[in-house]
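The block underneath contains the structure these notes are about, expressed in structure tokens.
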Amino acid sequence: MQLGITASQARQYSPLALAFLGDSVYEVMVRERLLLEANQPAAKLHEKKVQLVCAEFQAQAADRILSQLTEDELGVYKRGRNANNTVPRHTAAQDYHKATGLEALFGYLHLIGAEQRLVELFAVCIEDAMSSI
């Protein structure tokens, strides 16, 4: 979905607003990938989805893609990671901040219509994960 927003315009959104969108973008990508991997009952798909969208997994995914980010992408990630947000009790603060950075990046890339870049980064995020869940 091309929204016609430039990178400059997208950077005007708060990092938490970008993460709000990016959370759903990332989750849809996970759901699509799981569905395409195997036709399974919805309950099984949900179990696997939960493993891939939790803050702990997203933090590990963020660590995997950091070296591949452009300067612009890294800036968006860091803004999201450093955003002042409330950390849920069941999650380590460091993991939650990294996950928020990842979600902000995914929201940003979606807004600017960089779908191919999203696909590339997502592949790195979940590499090796599909066989272990």
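Just so you know, all these numbers are worked out from the coordinates, no wet-lab data involved. Bear in mind that the values here come from a model prediction, so they are computed numbers and not experimental data. Virtual Cβ from ideal backbone geometry, glycine too; neighbours counted across all protein chains shown.
Residue-wise test of (1) touching an Asp or Glu at 6+ places or on another chain (Cβ under 9 Å); (2) outside any loop (DSSP other than H, G, I, E, B).
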{"position": "44", "(1), (2)": "no, yes"}
{"position": "74", "(1), (2)": "no, yes"}
{"position": "85", "(1), (2)": "no, no"}
{"position": "90", "(1), (2)": "no, no"}
{"position": "106", "(1), (2)": "yes, yes"}
{"position": "125", "(1), (2)": "no, yes"}
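Of all residues in the range 18-42, those that are surrounded by fewer than 16 Cβ atoms within 10 Å (Cβ to Cβ) and either not in a helix (DSSP H, G or I) or not acidic (Asp, Glu) (or both) total 10. Residues in the range 92-104 that are outside any helix (DSSP H, G or I) and without any contact (Cβ under 8 Å) to a residue 24 or more places away in the chain: how many? The total comes to 0. If you go through the range 76-85 and keep only what is surrounded by fewer than 14 Cβ atoms within 10 Å (Cβ to Cβ) and without any contact (Cβ under 8 Å) to a residue 40 or more places away in the chain, you end up with just 84. Against the condition under 23 Å from residue 116 (Cα atoms), without any contact (Cβ under 8 Å) to a residue 24 or more places away in the chain and part of a loop (DSSP other than H, G, I, E, B), how does residue 12 come out, does it pass? Yes: the conditions hold for residue 12.
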